[in-house]
Amino acid sequence: MSPLVLSILMSSLALGTVITASSHHWLLAWMGLEINTLAIIPLMAKMHHPRAIEAATKYFITQAAASAVILFSSTTNAWTTGEWDIMNLTSHLSTTTLLMAILMKLGVAPFHFWLPEVLQGIDLTTGLILSTWQKLAPMALLIQVSPNLNPQLLFISGIISTMIGGWGGLNQTQLRKIMAYSSIAHLGWMMVALTISPQLTTLNLIIYIIMTTAMFLTLKMLSSTKISTLSSSWQKTPTLAAMSTLTLLSMGGLPPLTGFMPKWLILQEMTKQSATILATMMALSALLSLFFYIRLTYTMTLTTHPNTTPSTQVWRFSTTQPKLLLMASATASVALLPSTPLLLSILP
C-alpha cells in the first residue's frame, strides 16, 4: 500500500473518531462511525488473501447492520422527542436498540461472534487498530448516553462477556483469537463499570488500550501468530519475553501490575453497592482469562523450542520495527498501579 493511501486512511480513521466523540447530533455521530468503518476495510483487505477478504466482508456486514440500527434508533428518538440531541434519549425503544447496536460495534457478548473470526483473518497491525482505536468512537458514544441506558442490560451483557471471554480463550492455539477473547472479557468489565461509574470505564479503557498495544507490538516484533511459535522467544529476545510475560499477567489482573487496578476498583465499587454475588462472578470469570494468559507465559518462558542444529547461536535479521512505542506501552502496562490516586484525580 502506497504511503499516500495509507496516510489518507489513517487520517480518515482519526477524523471519524473525533467527529463521533465531539458531536452532539445523532447524524454527525453516525457519520463518524461510518467514516471509521470505511477507512479500516482497505487496511483489512490489503493482504489480498481469501481469509483477509472474508474478514473484511464479515466486518463490513456487521458494522453496517449496527450502523443501520443506530440510525433507526436515533430516527425513532427524534420522531418521539422532536430533537436530534444525543443527550436527549428518552424513548425506551430507542435506548434498547441503540445499546444493542453499540454492543455489536464493540464486540460485546452476546454480539461478539464476529470479533474472533475477523481478528484471525487480518494482520497484527490492523488487528491492533481494530482492538484499540476502533473501540474509541463507540465507547465515547456509549459513555455519553449511559445515564439513559438500562443498567440491567449493561450488567447482563458485561457478565456474559467476561464469562465468554474467559471460556472462549481456553482452547485456542491462535494468538489473534486469544487476543479477541481477551478483548471481549475486558469490554465486559467496562460494561459493568459503566453502570457504576463512567470514570472507571474511561480508566479501564485507557489501561486496556495500553496493555493490548504492548501485547500486539510484542507479537509483531516476534512475528508470532500461534502459541507454538512463542517457545523460541526466550532464546531470541529474553528481555522482550520477560516484559511480555509481565504484560500478560497484567492483562490477567494480577497485583502489583497495572491490570489489577481497574478490576480492583470495579469490584470495590460493586461491593459498596451490595452487588457481592455479581462481584464474585466477575472475579471468578477473571480466573478463566488468567488461565490462558499463564498458559502463554509458560510457553514463552519455560518451554524450549526444538533446535536440531548443533549451533547454539541464534541467527536472525535485526528488526527494523520502531521500539519506542513498545517500550512505553510495556512499561505502562506493568508499573502504573502506584499512580492509581493520580489517575483517578485526573480523569473527569
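In contact with a strand residue (DSSP E or B) (Cβ under 9 Å, 6 or more places away or on another chain) and among the acidic types (Asp, Glu), is that true of residue 85? It is true that residue 85 is in contact with a strand residue (DSSP E or B) (Cβ under 9 Å, 6 or more places away or on another chain) and among the acidic types (Asp, Glu). Evaluation of residue 170 against the conditions (1) more than 12 Å from the chain's Cα centre (by Cα); (2) assigned to a helix (DSSP H, G or I); (3) among the aliphatic types (A, V, I, L, M) shows that the sole unmet condition is (2). Picking from residues in the stretch 80-109 that are at pLDDT 90 or above and within 30 Å of residue 225 (Cβ to Cβ), the one that is most open to solvent (accessible area, probe 1.4 Å) is 104. Restricting attention to the stretch 240-284 and to residues that are over 27 Å from residue 196 (Cα atoms) and among the aliphatic types (A, V, I, L, M), the residue that is least open to solvent (accessible area, probe 1.4 Å) turns out to be 241. The combined condition, being touching a residue at least 24 places away in the same chain (Cβ under 8 Å) and closer than 30 Å to residue 91 by Cβ, is not fulfilled by residue 210.
Looking at the stretch 218-239, which of its residues are open to solvent by 30 Å² or more (accessible area, probe 1.4 Å) and not hydroxyl-bearing (Ser, Thr, Tyr)? Scanning the stretch 218-239 gives 220, 221, 226, 234, 235, 236, 238. Restricting to the stretch 173-187, count the residues that are over 10 Å from the mean Cα position of the chain (by Cα) and open to solvent by less than 10 Å² (accessible area, probe 1.4 Å). Counting residues in the stretch 173-187 that are over 10 Å from the mean Cα position of the chain (by Cα) and open to solvent by less than 10 Å² (accessible area, probe 1.4 Å) gives 2. In the stretch 51-71, of all residues being in contact with a Gly (Cβ under 9 Å, 6 or more places away or on another chain) and open to solvent by 50 Å² or more (accessible area, probe 1.4 Å), the one that is farthest from residue 99 (Cα to Cα) corresponds to 51. Residues in the stretch 62-96 that are of a type in the set (S, T, N, Q) and closer than 18 Å to residue 110 by Cα: 62, 63, 67, 95, 96.
All of (1) under 18 Å from the mean Cα position of the chain (by Cα); (2) closer than 19 Å to residue 333 by Cα; (3) at pLDDT below 90 hold for residue 225 with one exception: (2).
The values are calculated or read from the model by the stated rules, or taken from the named source; none is laboratory data. Source: prediction; values computed, not measured. Note: ideal-geometry Cβ built from the backbone for every residue, glycine included; neighbour counts use all protein chains shown. These accessible areas exclude ligands, DNA and RNA; they are computed on the full protein's heavy atoms, side chains included. Shrake-Rupley method; radii C 1.70, N 1.55, O 1.52, S 1.80 Å.
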